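Here the structure is laid out as structure tokens; the discussion comes afterwards.
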Amino acid sequence: MCPEGHIIQSRHTMYLELVDIAFLTFLAVVITFWWRIQSIRQNALTHAERRCKELDLQFLDGGIALHFKGFQRSKSGRLLPLFVCHFEFSSTGDDRYEGSVHMLGRYLKTIQIPPHRMTTPPDKRLDDIF
């Protein structure tokens, strides 16, 4: 109520215009895309760390660089984004090598580890296998 005893009515209503809806949709798409990219990056990081551990290599810097390389069809025929993730590792602690993880969508496609110096003699590794 105002001092004169009249009731004040608010006539303000909120309207969403098409521009607002388009902006909110765009923002939702960007956030969803960013969230999925982070998930793919984390999966690639996990695969790289696991492969380094399996091969008795030291995963360096704890990071991974993610690059979009286009789209590719999966075995089931779905069109998925192809990402190549680069990481660094060492076999002796004195050297650095660059490996890559290829992700087709959220799924691992391949891991490439280039030739590197081995820390244990090859015949000792064969003894561990047999």
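No lab work stands behind these numbers, since they all come straight from the coordinates. Predicted model only: the values in this text are computed from it and were never measured. Every residue, glycine among them, receives a Cβ derived from its backbone with ideal geometry; neighbour counts consider all protein chains shown.
Placing +1 on each Lys and Arg Cβ and -1 on each Asp and Glu Cβ, with no other charges, gives segment 18-129 a dipole about its Cα centre of roughly 660 debye. So if I take the centroid of the Cα atoms in segment 95-109 and the same for segment 18-39, what is the distance between those two points in Å? Their Cα centres are 27 Å away from one another.
Spatially close Lys pairs in segment 18-129, defined by Cα atoms under 28 Å apart and a spacing of eight or more places or different chains, total 5. Compactness of segment 23-64 is given as radius of gyration and Dmax, 15.1, 49 Å, from Cα positions.
Kirkwood-based Rg over Rh for segment 18-129 (C-alpha set), two decimals?
Rounded to two decimals, Rg over Rh is 1.14.
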